[in-house]
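Some notes on the structure that comes next.
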Amino acid sequence: MPNETAPRVVIRTTAGDLTLELWPDVAPRTVENFTKLAKEGFYSGTAFHRIIKGFMIQGGCPHTKAGAKGMPGTGGPGYQIKAEFNDRPHVRGVISMARSANPDSAGCQFFICHGDARFLDRQYTAFGKLVGGDEVLEKIASIPCSGPERSSPSERVEIKSVEVLPAGK
C-alpha cells in the first residue's frame, strides 16, 4: 500500500515515467543524497547502462551522458555515502544504491529491481519502491542486451530528469 505522506520522485525517461516512493525512515542519508542530486539535475542526460531482465535495471552514472569520458558504471558524484542497510526486501520495484565491493562506496548510481533479488537484502541500501510505471520498468528490462554479462543494452534509455514531487503528491 503506497504511503501518501512519503516523499516521491518521478524518473522521466525516453521509455516513459517511473514514479517512486522513497523511504527516509530506513535510509535518511540516501534519500537526502538522491533527492539533492535530482534537484541539481545530476541525473538529467544519464542512461540506464546495465540491464539484466529478471534482476534489475541500473542507471545514474555520469559517464553515460553524451560526450562523457570514462566507462559507464564507474562514475560517481565525487564523493561516497555510508551504507544504510535495512530490513526492506529487494523485490520487484525496489530502488537501491549500486556500489563497488566496499559497502560504503555508493554515490549516485542506483538500480531498480525487475525481479526478486533477496540475496541483496541487508547488503545494499534499499531506499524506495516503484508506485507507478511498472510497464515502463518491464519495457526497459526487456531491451535486448549484449556483452560479457549480457547487460549492455542495445538501445539507449535516457533519464531526461528526476523530479522531486512536493509532499503528498
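FYI, it's all coordinate maths here, none of it is from the lab. Predicted model only: the values in this text are computed from it and were never measured. Reconstructed Cβ throughout: ideal geometry from the backbone, glycine too, with neighbour counts over all protein chains shown.
Residues that are touching a Ser or Thr at 6+ places or on another chain (Cβ under 7 Å) and surrounded by 15 or more Cβ atoms within 10 Å (Cβ to Cβ): list the strands (runs of 3 or more DSSP E) wholly contained in region 4-58 that include at least 3 such residues.
Passing ranges, in order: 8-13, 50-52.
For region 142-169, a tally of residues being closer than 23 Å to LYS36 by Cβ and without any contact (Cβ under 8 Å) to a residue 60 or more places away in the chain returns 1.
Could you look through region 65-85, keep only residues that are part of a loop (DSSP other than H, G, I, E, B) and among the hydrophobic types (A, V, I, L, M, F, W, C), and pick out the one that is surrounded by the most Cβ atoms within 10 Å (Cβ to Cβ)?
That would be ALA83.
Taken together, the residues in region 142-169 that are touching a Ser or Thr at 6+ places or on another chain (Cβ under 9 Å), outside any strand (DSSP E or B) and among the hydroxyl-bearing types (Ser, Thr, Tyr) amount to 1. Strands (runs of 3 or more DSSP E) fully within region 86-141 that include at least 1 residues being among the aromatic types (Phe, Trp, Tyr) and touching a residue at least 60 places away in the same chain (Cβ under 8 Å): 110-113, 126-132.
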